[in-house]
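The structure appears right after this line, and notes come after that.
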Amino acid sequence: MLIQFHFTYCYKNVKFYFLSLIKVNIQLFGAIIFCISWKIFHPDNLIHTRGYILIDKTINPKRLIFILVCLTTLLLAVSACSSDSDSSSSNSSSIDKFGMILVGPRDDKGWSQAHFEGGEAIENAIGAEMIVADFINPADSPNTTVAQVAADMIDQGAKLIFATSDDMKDGILEAAASHPDVSMVWSTGDSAFKDGKDYKPELENLANVMGQMEFGKYMAGCAAASESKSGNIGFLGPLINDETRRLTNAAYIGARDCWLDKGNSISDLNFEVIWIGFWFHIPGVTLDPTTVVNDFIDSGVDVVISHIDTPEALTVTDQRAAAGEDVLVVGYDYENSCDVTPEVCIGVPYFNWGPAYIDAAKRVGNNSFSADFQWIAPKLTNGVTAEDSMVGFKGGNAMSEETRKRVNRLADQLNGDIANIFAGPINFQDGSVLASEGKKPSLYDIWYTPQLLEGMTGDSGGN
Amino acid sequence: MYKIILQNSIATFLSVISVTIVLLILQVMPFEIYGNLFDGSFGSLDKISRTLLIATIMALAGFALVVTFSTGLWNIGIEGQMLFGAIGATFIARTFLAEYFFAPIIIIIFGTLFGSFLGLLSAILKTRFNVHEIFGGLGINFVASGLIVYLVIGPWKREGIASTGGTDLFPKSSWINGIGDSNFPIYPIIIAIIVFITLFILLSRTSLGLKLIATGTNKDAADKFKIDSVKHILYAFIIAGAIGGIAGAIQAASIHHKLVPNIAGGYGFLGILIALIAGRNLFTVVVISIIFASIMVGGVQLQLRLGLDSSFPYIIESVFVMSWLIIKASKIDSKLLMLLVNKETDFG
Amino acid sequence: MKIEFKNISKSFGETIANSEISFSIDGGSIHAIIGENGAGKSTLIKILSGQILPDDGSIKLGNKKMLLGSTIEATNKGIGILGQDPLDFSNFTVLESFLAGNKKSSKIISKSKFEEIISTFSKKFDWEINVNSLIKDLSVGQRQQLELIRLLYLGAKIIILDEPTSGFSLDQKKKVFENLRDLSSKGYTVILVSHKIEEILEICNKVTILQKGKLLETLDLPINPKILIDKMFGPSSNVKNDYKKIEKKSKKNITIKIDKYSDIEKITLNEGTIIGVSGLQGSGSDKFVQSFYDDLSSSKVYYENEVQIPFSEINYVASDRLEKGLFPDMTIMEHIALAYNSKGLINWSNILELTKSLINTYGIVGTPQTQAKNLSGGNQQRLMLALIKENIRLLLLEQPTRGLDISSAIFVWESLLKTKSKKNLVIFSSVDLYEIYDYSDFIICFYDNKIVASGHKNEMARAKVMEKISGK
């Protein structure tokens, strides 16, 4: 069973690797290979060479065949890998279409897959057809902007567009402004937050949806600290912005609460944050999450919390655990992330975009769509996530019963109010106060978190 | 001349056939793909605009490479030069100058300067320190992309955010916009035409151009003609860097409106391929750039309409290039041409 | 194996190199192909060896048609070509280059086996090749010998020799000819491309004469040499070796510094002298000539008042025309533009006029659009002469007539002598003692990178020069 899983994952991983290899590096490799082959084969370079035995003017037929075989093999490998990424246009009987713009691949076992499945939920619920564009980020698709993709989707009849990354801000704002008649949802954004910093009242067609992942992160941090023996927790962060800071803070608070609940001293808890620079690994641009996680474990961390879109933290931890080390990991984003490496996975805080997205699609259908700012709280009963909750936490094989109980108990104590997570006394890294004793911060203060908290190690991205 | 055009047509035809075969192997309908590619790149004014903008950038990268290829140099550093052009553009866009109506002009000028600076660096590495330009170029690309990441998450980051997703948007006054309400990239095209004409005159009508070519063909002989090859290598790299810088600046000011780490987008490397295919012919560079741009822009449709993987355009492009190069190298095209015209050997 | 050429045609742009050439070469014979420079010999040979794809025509080997345009096919069919200047990995030892060039056995390379092969062949031909010496240290002749060994080892049955004897001494030449005869008697076919009529008459069975890309005639040998010369150059050709030499007008003194190469510090001569630098291949005579261009600080030419001839008025004509003197891919017109229009915009219509007149003056077989690489050796040399500008005062020539046929060589010297009065000094190197004696006023003898003798022509006896340059 386990072996089978490994095989499946390896295969998936190989496929993912292939695709990113082709996308990111084809020009580089291509250019170098062609440079060399041109230098060798270019007829002009050879015509005044008289060493006929050593350098041939014509290409050796055997070599030609060899090249062709290599080429075909490579392409077959790619096609074998990509053929199972199913086509989305299976159900065309519906009347409506909607667009889904993903920042990474649709099967990343993380953020983008969660959105993709949210889109599939719409397809199943109301039969609308989804038009998917994945890899829409400056590294993978430098020649494609979000605004262009949105325009193309609208061309094809999409009546609703989902832009699913904070990185798509500029593009979706532009698209919303130039297509005022098409409804759009920018997940994680704040353009419709009336009290927010970047409120865009003129964009009446652009709504925001986000789940209160703070709960999920609280439980993730709690579970991590509960399972940690050393108290050294490594947090693999993506890029630094308001959202990632507040979620990282929530994870820290969760870790703190559970660490204390276990009867330990707060001074023994080391919570270190390292940011890689983007939501996933871009070679040459971001830090390599594989390296970061290995460094964590080398420095004595025994539980890694991942906050990036892709599951590198899980695979690395699994490898280290297989080498006999006592290390565990918490995933992120996608409900079934733990399936990647079930044995070392404590659990995963996840998004369930389906209900919110179906709601948006239905409202477009009955013309009741409005530019709402939704920051949806989870549905927890006794700390256990309900099935239709927007965000939640799902335990994995590596979670002990004791931890499960502790997480549920502490989560239940929050009473479903996000402000309770950040209840005072609570200070930022520079000593400034987020909330004093007995006080709770406002939603505004939570949303626009400017710094990491006192007690955490890591860059706040301050100016 | 006819012979060359005929030969190239045969090579193109054969390349398209091999692309078709590969597509069939991948079990997709080639003609559906070609149709979508065409429609996706030329189907509407907006799409034509997009294709032309990308083609402009590719063509500029190709032009830059034509200059260095003429001088017998491998300007692998073109990516870095484009990155530096974009850095130069961003530098201006972040100053008070960006508020004025003439901001785009200054942006282009600074892109040119920054790009040529990096070109000069490659040249100095080669001539003074004897570093082969391929390795120097690779190193320079590395440095440039490192610098750009540093700038994006360091000094030029968005307020309160540290993300490699990019800097703040440029002020609108410094965007290079389309004509009127449309996105038709009239200014980039004008710039490209100016570069085209300048290069055409330079390479075919001036002794400087002829000396550049001479240096590239045979350095020893250039020496006998009293041509200072070191000086001409510097010139070639500076000119190429300047053109690459323009391409980078346009990329920043016209497409992204901000600085992102991968802003060169691989167009530099693509430019190498374009120049390789086109030889030293500037006009062919334009044609191939348009073909490549339409594959890139239209390729998005393959994903959106046919649900194909987003790597398809790259596959089509690389198979096309590889077939072309193999056909050219093995002289299949000229042999076929011989078969076709048989006795008529006198083509002139 | 019989070789049958049928309707071979090849043109480079507007230059027709071969036009419907049909003839056959009998197996086991020694067959000569002769013709003036530019007659199409080299092109034909390159077509046979697969380096050039003809525009039309076919070649039959025995009864089978050969696949054209592929050197691999040619090698597989046993065609081996021995060039004038065999290119090799110059930094390799003999053995290494032999190993690297070995395509026969792809499995295990046995060093000792190859050593044996080379030494067997060397003994057989009475050659001296040390398998451990570097290629670059070998003389041209030795390189050719090595090349021949390699060809035979690779199983060449048809051996093409392109101007083979220019690097051989007289004794060596005799040996090679003996061996060629021996090979042909064993069934090997030998094709000899040459313009040295004595050689052809000495060993060949048949001769094919090409003229301006067309087949003129294939004759059985022996034959009266006069007839052959008439056929080759046309009946009215007057090949003779005497020229009127223009008298020196001025008597200004000019000094050449030579302390780098000799115990004597300098030589002072009259202006307008032609200096012939005599020496065998690799004796350093070529380097000596080149140093006046490359290394102005140590190799100086100056007047009484220490005024050096400025760099802009020095012209150096390299013997390696395509590798060092010309731009292979550029046209005649472009060369003219580079030499005569060195600043600003180029007025191509003026250049075209100039090019046409220079092509006429120098009798270059080619159009303004012909690429240098498509010119024959003689025409390349003519082009080089055409590029020498009027204001040149120091003219340096490295082996000016190397590889040229008699009429081209004569032309080269005629045009050089015509402009001699305007030059302050001409220095040329040559391996051909006749050339040195025919054209120079002052002779410098080189051996082992040193000047071993120098003096005015009338002070230097031929026998003495011969001795000096061979190191005796």
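For this structure, a couple of remarks:
- Residue that is nearest to the chain's Cα centre (by Cα), among those in region B:254-281 that are open to solvent by less than 10 Å² (accessible area, probe 1.4 Å), facing chain A (nearest Cβ under 8 Å) and under 22 Å from B:ALA103 (Cα atoms): B:ALA264
- Pick from region C:306-342, criterion of a type in the set (Val, Ile, Thr) and open to solvent by 20 Å² or more (accessible area, probe 1.4 Å), ranking: nearest to B:GLY216 (Cα to Cα): C:THR331
- Some residue of region A:116-137 being under 16 Å from A:SER187 (Cα atoms), open to solvent by 30 Å² or more (accessible area, probe 1.4 Å), under 24 Å from the mean Cα position of the chain (by Cα) and more than 7 Å from chain B (Cβ to nearest Cβ): yes
- In region A:156-177, the residue that is nearest to A:ILE358 (Cα to Cα) out of those that are assigned to a helix (DSSP H, G or I), out of contact with any Leu (no Cβ under 9 Å at 6 or more places or on another chain) and open to solvent by 20 Å² or more (accessible area, probe 1.4 Å) is A:LYS169.
- With respect to the conditions (1) assigned to a helix (DSSP H, G or I); (2) touching a Gly at 6+ places or on another chain (Cβ under 6 Å), C:LEU404 falls short on a single one, namely (1).
- Filter result for A:LYS169 (charged (D, E, K, R) and touching a Phe, Trp or Tyr at 6+ places or on another chain (Cβ under 7 Å)): no
- Test: residue in region A:274-282 that is touching a Lys or Arg at 6+ places or on another chain (Cβ under 8 Å), outside the structural domain of A:GLY119 (by TED's automatic domain parsing) and assigned to a loop (DSSP other than H, G, I, E, B): no
- Output for region C:318-350, where each listed residue is over 15 Å from C:GLN399 (Cα atoms), more than 7 Å from chain B (Cβ to nearest Cβ) and not in a helix (DSSP H, G or I): C:THR331, C:ASN347
- Residue count, region C:348-365 (criterion: of a type outside the set (Ser, Thr, Tyr) and open to solvent by less than 70 Å² (accessible area, probe 1.4 Å)): 8
- Test: A:THR248 is under 19 Å from the mean Cα position of the chain (by Cα), within 14 Å of chain B (Cβ to nearest Cβ), assigned to a helix (DSSP H, G or I) and surrounded by 24 or more Cβ atoms within 10 Å (Cβ to Cβ): yes
- Helices (runs of 4 or more DSSP H) fully within region B:159-253 that include at least 3 residues being open to solvent by 10 Å² or more (accessible area, probe 1.4 Å) and charged (D, E, K, R): B:219-224.
- Summed over region C:7-38, residues that are of a type outside the set (S, T, N, Q) and closer than 18 Å to C:LYS206 by Cα total 13.
- In region B:30-46, residue nearest to A:ALA147 (Cα to Cα) [restricted to those that are open to solvent by 20 Å² or more (accessible area, probe 1.4 Å) and away from every other protein chain (no Cβ under 13 Å)]: B:PHE42
- Filter pass, A:ILE253 being among the aliphatic types (A, V, I, L, M), within 20 Å of A:GLY211 (Cα to Cα) and not in a loop (DSSP other than H, G, I, E, B): yes
- Odd one out for A:ASP152, checked against (1) in contact (Cβ under 8 Å) with a residue 24 or more places away in the chain; (2) within 14 Å of chain B (Cβ to nearest Cβ); (3) open to solvent by less than 10 Å² (accessible area, probe 1.4 Å): (1)
- The residues of region C:283-308 that are of a type in the set (A, V, I, L, M), within 14 Å of chain B (Cβ to nearest Cβ) and touching a residue at least 24 places away in the same chain (Cβ under 8 Å) amount to a single one, C:VAL289.
- Only one entry of B:LEU147, B:LEU169, B:LEU199, B:LEU138 meets the criterion of being within 14 Å of chain A (Cβ to nearest Cβ) and either closer than 26 Å to C:TYR293 by Cα or under 20 Å from the mean Cα position of the chain (by Cα) (or both), and that entry is B:LEU138.
- Top-ranked residue of region A:418-463 - restricted to ones that are under 25 Å from A:SER191 (Cβ atoms) and of a type in the set (Gly, Ala, Ser), ranked as surrounded by the most Cβ atoms within 10 Å (Cβ to Cβ): A:GLY461
- Restricting A:THR286, A:THR291 to residues that are open to solvent by 10 Å² or more (accessible area, probe 1.4 Å), free of Cβ contacts under 8 Å to residues at least 12 places away in the same chain, of a type outside the set (Asp, Glu) and not in a helix (DSSP H, G or I) narrows the list to A:THR286.
Per-residue answers, yes or no, for (1) farther than 27 Å from B:PRO261 by Cβ; (2) free of Cβ contacts under 8 Å to residues at least 12 places away in the same chain; (3) surrounded by fewer than 24 Cβ atoms within 10 Å (Cβ to Cβ):
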| position | (1), (2), (3) |
| --- | --- |
| A:MET184 | no, no, no |
| A:ALA224 | yes, no, no |
| A:GLY231 | yes, no, yes |
| A:ASP261 | yes, no, yes |
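- Checking each residue in region A:221-279 for being at pLDDT 90 or above and of a type in the set (Phe, Trp, Tyr) picks out A:PHE235, A:TYR252, A:TRP259, A:PHE271, A:TRP275.
- Lone unmet requirement of (1) assigned to a helix (DSSP H, G or I); (2) within 30 Å of B:ILE109 (Cβ to Cβ) for B:TRP74: (1)
- Test: C:ASN374 is of a type outside the set (Ser, Thr, Tyr), within 30 Å of C:ILE47 (Cβ to Cβ) and either at pLDDT below 80 or within 21 Å of the chain's Cα centre (by Cα) (or both): yes
- Residue in region B:299-312 that is more than 20 Å from A:SER141 (Cα to Cα) and more than 9 Å from every other protein chain (Cβ to nearest Cβ) present: no
The values are calculated or read from the model by the stated rules, or taken from the named source; none is laboratory data. Because the structure is predicted, anything quoted here is derived from the model rather than measured. A quick note on method: Cβ atoms are made from the backbone with ideal geometry, for glycine too, and the neighbour counts reach across all protein chains shown. These accessible areas exclude ligands, DNA and RNA; they are computed on the full protein's heavy atoms, side chains included. Shrake-Rupley method; radii C 1.70, N 1.55, O 1.52, S 1.80 Å.
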